[in-house]
């Protein structure tokens with residue numbers, strides 16, 4: 001059954017009935033998209049007194065949220081605000097107002113108040129104690145429904161209705177729905193199977209907004225040659241990876257990475273992948289270098305090699321290397337350093353030892369591409385932040401139109417930063433829309 005206070009036929013679009021105006025005194029808000037930002041926006045708008053409708057084009061909300069953090073959901077990070085904002089690069093300052101109003105501690109208190117236990121792990125990353133992203137989604141959906149939000153599933157918004165520079169409604173499923181404000185929280189273009197297919201970009205452009213180039217971010221990288229395939233499935237911990245652009249180091253990260261059949265992935269790779277994608281798109285030569293022994297400088301590493309040579313002189317070099325490297329890396333090391341596998345350790349020349357030492361500290365390879373949106377965790381680019389009021393998340397171009405989450409041109413490293421941005425901008429947009437900011 002259609003809600004007569006919400007659904008109005010196209011013929012009556014420009015003149016809502018007096019009955020509607022007189023019987024519904026609350027502001028009517030439509031939130032488009034039921035992900036992390038959309039759920040916070042809808043719940044907050046309803047709690048602030050607005051009659052709130054959440055339109056979700058899929059058959060259920062939060063499909064992408066259920067996948068985050070490999071199904072564990074890295075909700076936020078306990079970093080201080082300045083450090084937190086620094087992870088967003090040049091667009092981070094846009095988030096300061098939203099973070100001042102609803103930040104990591106506020107989110108944690110909110111979720112714990114809904115009955116969700118949280119744990120903080122290495123690197124300040126916060127997860128649900130049960131280790132399941134579905135727990136986060138469940139408590140948010142319960143809260144949203146209890147707050148009075150009316151969720152409409154399988155409801156894709158096709159068009160924004162704008163009159164005299166102001167939002168008056170949306171068109172969805174062939175019907176026109178009047179409202180006082182619309183909050184777009186449709187997500188980006190990554191993981192399209194979850195419903196993030198870039199719909200919001202089209203809607204934003206129809207309202208006069210410019211877009212920063214859309215591209216994959218936090219995406220695995222493709223590597224030249226076949227040696228990554230030879231190490232497919234191998235994970236490395238406590239390594240330092242640096243991004244090379246035209247041969248110069250531009251950025252580095254420390255932590256975990258993994259080899260795949262096409263190249264490399266893992267937290268440190270994903271963290272620097274955004275810069276790698278941008279450099280590739282600009283036509284630059286892109287590479288990576290891995291320091292496999294970051295705890296040892298070259299002098300200490302040479303001492304380690306000399307001790308191993310003295311202790312294992314009668315063995316073959318491939319045997320000695322198994323004490324330094326994972327088994328899968330030994331053939332790659334030997335091939336790239338030009339040292340025969342069966343070469344006696346005690347016959348290793350100073351030049352060969354130097355080649356080995358340099359390789360362990362500077363294992364280089366060429367980046368040829370990146371994986372598509374379907375494998376990227378988030379989307380870089382989006383609605384230009386200069387066209388959105390950071391104090392309210394309202395459009396500077398269309399009155400009554402608000403934005404939140406990944407649809408905006410904001411993105412950060414892994415570690416809980418991106419989800420916090422979605423929650424914070426969603427919270428602020430919901431409150432601002434409900435109060436008529």
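Coordinate-derived values only; no laboratory data. This is a predicted model, so every value here is computed, not measured. Ideal geometry is used to build each Cβ from the backbone, glycine not excepted, and the neighbour counts take in all protein chains shown.
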Which angle between 0 and 90 degrees, to the nearest 10, do you get for helix 417-435 versus the longest principal axis of the chain when only C-alpha atoms count? 10
In degrees between 0 and 90, to the nearest 10, how far off the longest principal axis of the chain does helix 298-311 point, with axes built from Cα atoms? 50
At the level of C-alpha centres, the distance separating the stretch 53-132 and the stretch 276-321, in angstrom, is 36
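Considering all projection directions equally, how large on average is the shadow of the alpha-carbon convex hull of the stretch 220-371, in square nanometres? Write down the numbers at each step before the final one.
Values: hull surface 33.7 nm².
So the mean shadow area of the Cα hull is 8.4 nm².
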Treating each Cα of the stretch 298-420 as an identical point scatterer and ignoring solvent, apply the Debye formula and state log10 I(q)/I(0) at q = 0.17 Å⁻¹. -0.86
Just need the Rg to Rh number for the chain, please, alpha carbons only, Kirkwood Rh. 1.10
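Quick one: compute a quarter of the convex hull surface over the Cα atoms of the stretch 362-425 and quote it in nm². Mind dumping the intermediate values first?
Working: hull surface 26.4 nm².
Averaging across all directions leaves 6.6 nm² for the Cα convex hull.
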Rounded to 10°, Cα long-axis angle of helix 104-113 versus longest principal axis of the chain: 70
Rounded to whole angstrom, the alpha-carbon centroid of the stretch 380-400 lies from that of the stretch 324-355 at a distance of 56
D for the stretch 193-302, whole µm²/s, Stokes-Einstein with Kirkwood Rh over alpha-carbon pairs at 10 °C and 1.306 mPa s: what number? 100
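Using helices alone, I'd like the mean residue ellipticity at 222 nm for the chain: each DSSP H run of four-plus residues gives -39500 (n - 2.57), total over residue count, nearest 500. Spell out each step's value before the answer.
On the way: 14 runs with 139 residues, N = 437.
For the chain, the value works out to -9500 deg cm²/dmol.
Using mean Cβ contacts within 10 Å as the protection proxy, how do 187-193, 113-119 order, highest first?
Working: 187-193: 22.7, 113-119: 13.1.
Descending packing order for the listed peptides: 187-193, 113-119.
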Given an 8 Å cut-off on Cα distances and at least 6 residues of separation, report the relative contact order of the chain as a percent. 24
Between 411, 284, 370, where does the largest GNM mean-square fluctuation fall for the chain, given springs only between Cα atoms within less than 10 Å? 284
